Amino acid sequence: MKLFFTEAQLSHQPKQYMVHGRIVEPFENPNRATTLVDALTALGLTRTEPQDFGRDAILKVHADHYVAFLEEAYDRFMELPNHGPEVLPNVHPYQGASSAFVERGMPRTTGILGRAGWYIGDMSCAIMDGTYGAAYASAQTAIAGAEAVLAGERAAFALCRPPGHHAYADRASGFCFFNNAAIAAEVFRRHFNRVAIVDFDTHHGDGTQAIFYTRDDVFYGSVHTDPSAYYPHFAGYADETGAGPGEGANINLPLAQGATDEAFIDANQRLALAVQGHGAEALVLSAGWDAHQDDPLSKLKVTSDAFARIGEIWGKTGLPTLIVQEGGYSLAAVAEAAPTFIQAFRANAAE
């Protein structure tokens with residue numbers, strides 16, 4: 001199995017993240033990626049440098065004006081008097097406002113403070129000098145992995161960092177800037193009529209859900225911690241099943257805080273059956289390791305053994321598969337859970 005990763009993804013090294021009213025060092029940092037590279041190459045995965053496929057696949061998912069914002073935000077912010085070290089929003093629009101506040105899906109404001117509030121959804125997406133380059137490289141990693149699968153690889157691992165599943169078509173949130181899984185799914189759609197994205201990160205992939213919510217060609221299924229008192233708070237509920245043509249192509253299986261291996265494994269099995277029922281011809285796995293009980297953000301009691309079990313489940317689907325890295329913030333847990341999953345996946349997949 002090829003492991004796609006480039007050092008350019010390490011250039012995003014923000015120093016500010018707000019949690020529970022405090023500015024702290026971000027949990028999402030370059031050490032996560034280097035830990036995974038070491039753990040997965042030790043299994044025999046072949047580290048592969050992704051080529052640059054350009055912006056076309058990114059723009060299939062993300063608005064051009066949002067991409068432009070990410071590219072120029074840091075430089076514009078540094079022009080402010082008394083600016084801080086990184087771009088952080090201090091104002092947000094009411095998203096339910098009338099069309100008087102919006103022109104063609106873009107903010108009417110041209111100032112960097114207003115644009116930051118429009119395009120950045122929370123206080124976990126500080127933008128520094130290297131952020132755009134790292135996010136762009138992360139997206140290229142996903143594209144390269146998807147292209148490798150289209151070229152005949154049974155499966156590939158896209159070590160995407162920064163992660164992506166909280167990124168909307170025109171908004172950064174939850175450590176995420178470009179939605180790597182969604183971008184990969186669109187690459188798959190060039191060849192496959194139906195694609196599935198399954199997300200087993202402990203946080204619901206609200207950005208991914210929103211991108212495909214009204215479509216039936218890309219199924220989205222997620223097992224995650226109940227969002228009623230947990231990030232992302234406003235999406236990920238069981239009654240969100242898609243809209244219009246996408247009705248029934250969205251499944252959320254929220255788990256109560258404290259849920260154990262049995263519930264986590266059962267939800268993954270249910271999602272595997274749903275993928276089969278959808279008739280998916282290819283699979284993108286949004287793989288987060290932060291459901292692990294040792295993760296600093298986890299509210300679940302999931303052990304490394306569960307990741308072996310779900311690796312078996314997803315390996316047995318027989319579908320061309322791209323595994324896309326999402327969350328996981330304990331280096332020790334990541335170094336154990338990810339290889340455990342990959343070993344089981346490979347043992348049950350015909351590579």
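Read-outs throughout are calculated quantities, based only on the coordinates presented, and are distinct from any laboratory measurement. Model, not experiment: these values are computed from the prediction. So basically every Cβ, Gly included, is an ideal-geometry build from the backbone, and we count neighbours across all protein chains shown.
Which of these, VAL19, VAL334, VAL324, has the largest mean-square fluctuation under a Gaussian network model of the chain (Cα springs below 10 Å)? So, out of VAL19, VAL334, VAL324, the one fluctuating most is VAL19. Kirkwood analysis of the Cα pair distances in the stretch 147-206 returns a hydrodynamic radius of 12.5 Å.
Report Rg(Cα)/(2.2 N^0.38 Å) for the stretch 102-213, keeping two decimals.
Working: Rg = 15.0 Å, N = 112, 2.2 N^0.38 = 13.2 Å.
Ratio of Cα Rg to 2.2 N^0.38 Å: 1.14.
Near the amide H of PHE219, within less than 5 Å, lie the amide hydrogens of VAL195, ALA196, ILE197, all on another chain or at least 5 residues away, with H placed in the peptide plane. You can think of it this way: the chain between GLN276 and LYS60 has 75.2 nm of extra reach, that is 0.36 nm per residue less the Cα-Cα gap.
Hey, can you rank 282-292, 339-349 by average C-beta count inside 10 Å, highest first?
Numbers: 282-292: 28.1, 339-349: 20.2.
Peptide ranking by packing, descending: 282-292, 339-349.
Using alpha carbons only, how many degrees (0 to 90, rounded to 10) separate the axis of helix 131-150 from the longest principal axis of the chain? Computed tilt is about 30 degrees. All C-alpha pair distances within the stretch 284-351, sorted into 10 Å bins from zero, spread as 24, 53, 21, 2 percent across the bins. 3J(HN,Hα) along the stretch 64-70, derived from phi through the Karplus expression 6.51 cos²θ - 1.76 cosθ + 1.60 where θ = phi - 60°, amounts to 4, 5, 5, 4, 4, 4, 4 Hz, with x in place of Gly and Pro. For the chain, taking the reciprocal of the average inverse distance between every pair of different Cα atoms yields a Kirkwood hydrodynamic radius of 19.9 Å. Between amide H atoms placed 1.01 Å from N, distances below 5 Å from LEU255 occur with HIS224, THR225, ASP226, all of them 5 or more places distant or on a separate chain. Between the amide H of ALA172 and those of ILE120, GLY121, distances stay under 5 Å, these residues lying 5 or more places away or on another chain, with hydrogens modeled in the peptide plane. Taking label positions 7 Å along the Cα-Cβ direction at both TYR94 and ARG47, the computed distance is 5.2 nm, reported to one decimal. Coupling constants for the stretch 30-35 follow from the phi torsions by the Karplus curve (6.51 cos²θ - 1.76 cosθ + 1.60, θ = phi - 60°), and in residue order they are x, 4, 4, 5, 5, 4 Hz; glycine and proline get x.
Reducing the stretch 47-82 and the stretch 154-169 to their Cα centroids gives an inter-centroid distance of 16 Å. Given R0 = 35 Å, the distance between the Cβ atoms of ASP129 and LEU331 translates into a calculated FRET efficiency of 0.90. Along the stretch 324-336 the Karplus relation, 6.51 cos²θ - 1.76 cosθ + 1.60 evaluated at θ = phi - 60°, assigns HN-Hα couplings of 10, 5, 10, x, x, 10, 8, 4, 5, 5, 4, 5, 9 Hz to successive residues, with x for each Gly and Pro. Only lysines eight or more places from LYS2 in sequence, or on another chain, were considered; those with a Cα closer than 27 Å are LYS60, LYS316. Here the sum of -39500 (n - 2.57) over DSSP H runs of 4 or more residues, divided by the residues of the chain, equals -11000 deg cm²/dmol at 222 nm, to the nearest 500. When its C-alpha radius of gyration is set against 2.2 N^0.38 Å (N residues), the stretch 1-85 gives a value of 1.43.
LYS60: net charge of surrounding residues, Cβ under 15 Å, Lys/Arg +1, Asp/Glu -1, itself excluded? Intermediate results must be reported in sequence, preceding the final value.
Details: positive: ARG55, ARG189, ARG190, ARG215; negative: ASP56, ASP64, GLU147, ASP170, GLU186, ASP217.
Summing Lys/Arg as +1 and Asp/Glu as -1 gives -2.
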